[in-house]
Amino acid sequence: QVQLVESGGGLVQPGGSLRLSCAASGSIFRINTMGWYRQAPGKQRELVARITSGGTTIYAASVKGRFTISRDNAKNTVYLQMDSLKPEVTAVYYCNLPLGYTDYWGQGTHVTVSS
């Protein structure tokens, strides 16, 4: 059993910042890639950013330069620093952990950017 616990979402004004965290626990032997996805109302879930155990990152084009993904391998935790936030990034953000043939997901954390 694998659990992903997210935190850090909330309401922020345009131009503000938020930092999301996702801690993985349970039957984990080795974690390679962890990532963040988001789903806005009426839209499909999409990749925001992904990071390998070695620190290689990829970002969605829409967040590149404003979002930073990082991880603490000792804590099995991944972070998403979100800066210069715009209303269009409002969504539920999900942590993702692929292990073998299974994709594990967190419960989601709401991010709302509004004045």
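The values are calculated or read from the model by the stated rules, or taken from the named source; none is laboratory data. Worth saying up front: this structure is predicted, and the values here are computed from it rather than measured. When the accessible area is computed, the model is the full protein with side chains, heavy atoms only, and any ligands, DNA or RNA have been set aside. Shrake-Rupley method; radii C 1.70, N 1.55, O 1.52, S 1.80 Å.
When a 1.4 Å probe is rolled over the protein heavy atoms, the share of accessible surface on the chain that falls to carbon and sulfur comes to 48 percent. Rounded to the nearest 5, the antiparallel percentage of DSSP beta bridges internal to the chain is 90%. The tail of the calculated P(r) for the range 39-115 beyond 16 Å holds 55 percent of all Cα-Cα pairs.
Normalised by the number of residues in the chain, the mean separation of alpha-carbon contacts (under 8 Å, six or more apart) gives a relative contact order of 36 percent. How much area per residue is accessible in the range 2-115 when the probe is 1.4 Å and only protein heavy atoms are counted (Å²)? Result: 54 Å² of accessible area for each residue. Take the chain, connect every pair of alpha-carbon atoms lying under 10 Å apart with a spring to form a Gaussian network, then pick out the residue of PRO41, PRO98, PRO14 with the largest mean-square fluctuation. In the Gaussian network model the winner is PRO41.
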